[in-house]
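Remarks on the structure that follows.
The values are calculated or read from the model by the stated rules, or taken from the named source; none is laboratory data. Keep in mind the model is a prediction, meaning the values are calculated, not measured. FYI the Cβ positions are ideal-geometry reconstructions off the backbone, even for glycines, and counts take in every protein chain you see. Keep in mind that these areas ignore ligands, DNA and RNA; they rest on the heavy atoms of the full protein, side chains included. Shrake-Rupley method; radii C 1.70, N 1.55, O 1.52, S 1.80 Å.
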Amino acid sequence: NAGVTQTPKFRVLKTGQSMTLLCAQDMNHEYMYWYRQDPGMGLRLIHYSVGEGTTAKGEVPDGYNVSRLKKQNFLLGLESAAPSQTSVYFCASSSGRANTQYFGPGTRLTVL
Amino acid sequence: QQPVQSPQAVILREGEDAVINCSSSKALYSVHWYRQKHGEAPVFLMILLKGGEQKGHDKISASFNEKKQQSSLYLTASQLSYSGTYFCGTGVDSNYQLIWGAGTKLIIKP
């Protein structure tokens with residue numbers, strides 16, 4: 001039981017490049033979330049999903065897109081990376097709205 | 001609106017007690033508490049739901065005052081392993097989003 005996994009762990013992009021971050025969970029959770037965390041700040045929700053095939057915008061969705069084609073996977077895409085997107089990205093999943101969120105180990109992204 | 005956590009940072013000696021507060025300007029359905037160690041993912045501590053409950057396990061407990069729209073996390077007889085940054089995440093009714101505080105950094109010294 002791996003819990004929540006994220007790939008890659010680290011990535012460096014140049015401005016304008018694109019990339020996809022993959023999140024996978026093996027707990028059969030309905031809800032999945034993408035957060036970003038900047039130094040000295042809390043977690044900010046980018047997008048979330050309440051089930052397979054659904055996605056919704058969070059607090060800071062601009063510049064990101066997501067897809068949830070399979071229940072266990074939640075992909076975060078950056079179409080044209082900008083230096084302001086340099087951050088640590090965390091994926092999380094939960095079985096319900098007010099239930100424990102289980103976090104992945106994070107992806108450290110640097111955009112030059 | 002981000003909940004306000006206080007204090008921003010606290011330094012304790014092993015064995016001392018700490019209280020971390022989380023205040024919201026909105027009516028709350030739930031408050032989640034997590035601890036994050038440097039370079040790691042946040043780890044769940046506890047959830048408190050609307051109803052003014054109090055929860056705890058081991059020497060870490062929390063309260064939720066619905067009327068005051070705030071929650072407090074209590075760490076008693078702190079251990080070195082309690083060091084880290086503590087975050088509260090607040091949820092409101094009919095909303096799947098948690099809004100997170102900026103965190104409280106707790107340093108425990110021997």
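For A:SER18 and A:LYS71, calculate 0.36 nm times their separation in residues minus their Cα-Cα distance, and state this gained length in nm to one decimal.
16.7 nm
Under 23 Å Cα-Cα from A:LYS9, which lysines qualify once same-chain neighbours fewer than 8 residues away are excluded?
Within reach: A:LYS70, A:LYS71, B:LYS37.
Averaged per residue, what accessible area in Å² does the stretch B:9-82 show with a 1.4 Å probe, protein chains only?
Value for the stretch B:9-82: 52 Å² per residue.
At 1.4 Å probe size, with the rest of the protein present, what percent of the exposed accessible area of chain A is carbon and sulfur atoms?
Using a 1.4 Å probe with all protein chains present, chain A comes out at 52 percent carbon and sulfur.
With a 1.4 Å probe and all protein chains kept in place, how much accessible area does A:PHE103 have, in Å² rounded to the nearest 10?
30 Å²
Carbon-plus-sulfur fraction of the accessible area of the stretch B:1-65, 1.4 Å probe, in percent?
Heavy-atom surface of the stretch B:1-65 belonging to carbon and sulfur, 1.4 Å probe: 48 percent.
Shielding by partners for A:88-99, please: the mean number of other protein chain Cβ atoms within 10 Å of each residue's Cβ.
Rounded to a whole number, the mean comes out at 3.
If the label point is 7 Å along Cα→Cβ of A:GLU52, which residues in the stretch A:66-98 have backbone nitrogen under 14 Å from it?
Only A:68-74 fall inside the zone, counting backbone N under 14 Å.
With the crude spin-label approximation of a point 7 Å out along Cα→Cβ, what separation in nm comes out for B:LYS68 versus A:LEU112?
5.1 nm
Using only Cα atoms, locate the centre of the stretch A:1-59 and the centre of the stretch B:1-50, then give the distance between them in Å, rounded to an integer.
Answer, in whole Å: 22.
Show me the trypsin sites (Lys or Arg not before Pro) within the stretch A:68-112 that DSSP assigns to loop and that have at most 12 other Cβ atoms within 10 Å of their Cβ.
Counting only loop positions with at most 12 other Cβ atoms within 10 Å, the trypsin sites (Lys or Arg not before Pro) in the stretch A:68-112 are A:LYS70.
Before we go on, tell me the buried accessible area for the B/A pair, both chains summed, 1.4 Å probe, in Å² to the nearest 100.
1800 Å²
Going by a 1.4 Å probe on protein heavy atoms, which residues of the stretch A:13-62 end up with at least 50 Å² less accessible surface in the whole assembly than in their chain alone?
The answer is A:LEU43 - residues whose exposure falls by at least 50 Å² when every protein chain is included.
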